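Q: Sharing a structure, written as structure tokens. Questions coming.
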There are 2 protein chains.
Amino acid sequence: MKNFSFYSPTMIKFGQGSISKLNTIVMGKYSRVLLHYGGGSIKKNGVYDETMEELEKAGVKVFELGGVKPNPRLSLVREGIKLVKNNNIDLILAVGGGSVIDSAKAIALGAATEEDIWDYFLGKEKVRAALPVGVVLTIPATGSEASMGTVITNEENSLKLSVNHDILRPIFAIMDPTYTLSLPEDQTFAGVMDILSHIFERYFSNTLNVDFTDYLCEGAIKSVIKNAYSLKKDPNDYNARAEIMIAGTFAHNGLMGLGRQDDWASHLIAHQLSALYDTTHGVSLAIIFPAWMKYVYRENLDIFNKFALNIFNIADSGKSKERVALEGIEKFQSFLEKIGLPTTLKEANIPRDEFYRMADLATMQGSIGALKVLNREDVINIYKLAE
Amino acid sequence: MKNFSFYSPTMIKFGQGSISKLNTIVMGKYSRVLLHYGGGSIKKNGVYDETMEELEKAGVKVFELGGVKPNPRLSLVREGIKLVKNNNIDLILAVGGGSVIDSAKAIALGAATEEDIWDYFLGKEKVRAALPVGVVLTIPATGSEASMGTVITNEENSLKLSVNHDILRPIFAIMDPTYTLSLPEDQTFAGVMDILSHIFERYFSNTLNVDFTDYLCEGAIKSVIKNAYSLKKDPNDYNARAEIMIAGTFAHNGLMGLGRQDDWASHLIAHQLSALYDTTHGVSLAIIFPAWMKYVYRENLDIFNKFALNIFNIADSGKSKERVALEGIEKFQSFLEKIGLPTTLKEANIPRDEFYRMADLATMQGSIGALKVLNREDVINIYKLAE
């Protein structure tokens, strides 16, 4: 087991009706709130009205900035920073999914500095302060509601970069699974893949003697797969929605990776698809992860055997470790297909003529990954495996 | 799944050498620190010297209060409160195990009020404020390093009572498994039972549709059992010590119980043994839990079957659910015996003539438990099953 730090201070209010806690959380602590949201779905499903009502009860002045898109844009972040600075806003309330929360975190960071926000993503500036961010979560996927990270796309140069710092962890997250009952199928299952990917980046590790987190990761993966199938059958299953929502948070607050070397190569490889073709993050991951698995599994047959045996109950008698590992990967890919996600570039209608450029971008800061350290050539091979 | 709140803000620094982080954590934030500890083992294993060195580097003034005993006493808490108030101390640093941390929490609570500290344990006063508590953990067991609870024994009337509030969660916990390598066998395995008990109180629940925490609990239980066996073979196994230590924290910070109705009857029943006979907490639990299981399992055969199948891989074909459940309980009791814990009152040389008095105390505030709600008669029956 490796040494680690763990800090996950986000206060979570989970369950049906939990938005009714918002006013007591906010009241007396904050006075000027930026309500940050996406394309307006929260105005249709009632979340906007409920939130406004709670903020009114709390007696705060509300400023609004909607329009966050998937793969949130730097330009809107800049607009938010100006708005926050000009109005002495003291809480950024993200109402939506991961894109809205990531955008809110970037605004919170940029509003607490005189430096240019993009310099933090380029690593030119060190994170020192940020305004508090609160969350009303409506799409479980990125885990951003309790994570330390924000990923922003600079639409001028198609760069998709991240900042990670404990100070960016939201102060509170209100999570009512009933908001997610109306999520369309594509968003639901892209979210499922996103959640699984956060566990995978930690689970597929060369670190030995990590039983506790091995078991935690495997349990979380099994829970997500089981409940994804439930949602495929019945999108209105509250308990399955709740299971996916809770798994999403703990998949990415750091818990699953305690004491482990994590990987993140697949994320970097997938990010380039989203940056270039605006592919939904979870879809990019559904395409890249099986390819990455097939490319790297020989590096650590043990962990890929555990995955096959403990998640998919592959019968292993008389089979080579390699065979068992591959069957596990196949079962996983077949799970993705069953819930309706594309697992190749072709299926997703993504062009296959920019592998070199994407590999350049993915390895811009050097080789990536940990289970197998990948250089530019490796990344090109993974894109090819994903064709 | 039930609605829930979750708040676990304790910053954890885990691993070999992690005490070296203490000075940067403390420096500039606190100026007058109460170093609170137990019987002096920390002076033998070097932790005291290391801690003092770090506090010196941090430039804080240190006050000392040692002498915390297992089942920590109200009288020492009162002494600590006076010391803190008279010296304007701003951080209580608990160096030791659960008893020291619980004592520190009670001091932190009492020092922030003019009311009598015991009134908080009697439920006469509401928790509103507490000084910050930091932890250097040397005995993994109670999970108090990240939990919301403190349990104190009033030696005047043998009452052992608790206060639970988020404000009592420690600010930080430094956890270096190397400190635990020298723990004697009895303390090590009493700690193991304590950790398991915290998971059991959450796992054995009637709440349905809680896959995520079912899996988490089962993973944590399997990890603790596996690594307890490793420590039985080799007490110097750093990784096994680390696995037990990490499980101890997450067994009791609330994570394992998210969305579940928890129980806590066994704790109340076991507490009376510790209060009357000063039995080590983990030993009391090793005696009471198998008896409780045997008394209640018919109430929820499903969860006891999951326990038998998923933890102990009991072969269930051709067996009744009742048989499978009982075999799981037997396997668990046999595990306790293998790691050297007594599982009956007789084995532990505890008198068996105060069952009525203990049952009175356990049910002082009414019936207890949730999986099966227990009255005074039930509690007497459980003591009898534990004879």
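Q: Once every DSSP H run of n ≥ 4 in the protein assembly as shown is given -39500 (n - 2.57) and the sum is divided by its residues, what mean residue ellipticity at 222 nm do you get, rounded to the nearest 500 deg cm²/dmol?
A: It lands at -14000 deg cm²/dmol.
Q: Can you divide the C-alpha Rg of the protein assembly as shown by 2.2 N^0.38 Å and report the result to two decimal places? Write down the numbers at each step before the final one.
A: Numbers: Rg = 26.4 Å, N = 774, 2.2 N^0.38 = 27.6 Å.
Normalised by 2.2 N^0.38 Å, the Cα Rg of the protein assembly as shown equals 0.96.
Q: Another question about this same structure. Summarise the partner chain shielding of A:203-216 as one whole number: the mean count of Cβ atoms from other chains within 10 Å of each residue's Cβ.
A: 5
Q: Determine by what factor the alpha-carbon radius of gyration of chain A differs from 2.2 N^0.38 Å, reporting the quotient. Before the final figure, lay out each step's value.
A: Numbers: Rg = 20.4 Å, N = 387, 2.2 N^0.38 = 21.2 Å.
Scaled against compact globular proteins, the figure is 0.96.
Q: Could you give me the percent of Cα pairs per 10 Å distance bin for the stretch B:184-385, shortest bin first, beginning at zero and ending with the bin that holds the maximum distance?
A: 9, 36, 38, 16, 1
Q: With the label 7 angstrom out along Cα to Cβ, how close does residue A:331 come to the same site in each of the other copies, in nm, nearest first?
A: 2.0
Q: Oh, and also: Between copies, how close do the residue A:114 label points come, placed 7 Å along Cα→Cβ, listed in nm from shortest?
A: From this label point to the equivalent ones elsewhere in the assembly: 4.6 nm.
Q: Which value, in Å³ per residue, describes the convex hull spanned by the Cα atoms of the stretch A:11-179?
A: Enclosed volume per residue, from the Cα hull, is 95 Å³.
Q: Still on this structure: Give A:2/B:44; A:61/A:85; B:294/B:319; A:232/A:321; A:69/A:105 a once-over and call out the pairs whose C-alpha atoms are over 22 Å from each other.
A: Numbers: A:2/B:44 26 Å; A:61/A:85 15 Å; B:294/B:319 18 Å; A:232/A:321 32 Å; A:69/A:105 15 Å.
Distance filter (> 22 Å) returns A:2/B:44; A:232/A:321.
Q: May I pose another question? Within a 10 angstrom radius of the beta carbon, how do B:64, A:354 rank from fewest other beta carbons to most?
A: Placing the least packed residue first, the sequence is B:64, A:354.
Q: Report, in order of residue number, the helices in chain B meeting two criteria: a C-alpha extent of 30 Å or more along the helix axis, and a mean Kyte-Doolittle hydropathy of at least -1.0; treat each whole DSSP H run as one helix.
A: B:211-233
Q: Ok, one more. Could you work out the pair-distance distribution P(r) of the stretch A:1-104 from its alpha-carbon pairs, with 5 angstrom bin width and percents rounded to whole numbers?
A: In whole percents, the pair-distance histogram is 2, 11, 20, 22, 20, 13, 5, 3, 2, 1.
Q: Return the long-range amide H neighbours of residue B:97 (sequence gap of 5 or more, or a different chain), with a cut-off of under 5 Å between placed amide H atoms.
A: Counting only residues 5 or more places away or on other chains, the set is B:138, B:139.
Q: Put one equal scatterer on each alpha carbon of the stretch B:118-198, apply the Debye formula with no solvent term, and list log10 I(q)/I(0) at q = 0.20, 0.21, 0.24 1/Å to two decimals.
A: Ignoring solvent entirely, the Cα scatterers give -1.03, -1.08, -1.19.
Q: Taking other Cβ within 10 Å of each residue's Cβ, how do A:142, A:153 sort, fewest first? Write down the numbers at each step before the final one.
A: Numbers: A:142 28, A:153 25.
The most exposed by this proxy come first: A:153, A:142.
Q: Label position 7 Å from Cα toward Cβ: report the copy-to-copy distances for residue A:320 in nm, one decimal, ordered from shortest.
A: Values, ascending and in nm: 5.0.
Q: Take peptide B:12-23, look around each residue's Cβ out to 10 angstrom, count Cβ atoms belonging to other protein chains, and average those counts.
A: Details: counts 7, 5, 8, 6, 3, 1, 3, 0, 0, 2, 0, 0.
Neighbouring Cβ atoms belonging to other protein chains average 3 per residue here.
Q: Kindly put A:292, B:118, B:264 in sequence by how many other C-beta atoms sit within 10 Å of each C-beta, fewest to most.
A: Numbers: A:292 29, B:118 19, B:264 16.
In order of increasing Cβ crowding within 10 Å: B:264, B:118, A:292.
Q: Separate question: For a quick check, take a GNM of chain A with Cα springs below 10 Å and name the residue from A:364, A:256, A:193 with the largest mean-square fluctuation.
A: Answer for the Gaussian network model of chain A: A:364.
Q: What residues have an amide H closer than 5 Å to that of residue A:63, excluding those fewer than 5 places away on the same chain, when H is modeled at 1.01 Å from N in the peptide plane?
A: A:33, A:34, A:35
None of the figures in this text is laboratory data; all of them are computed from the coordinates on show. Predicted, not measured: the structure shown is a model, and the values here were computed from it. All Cβ positions, even for glycine, are placed from backbone atoms using ideal geometry, and neighbour counts span all protein chains on display.
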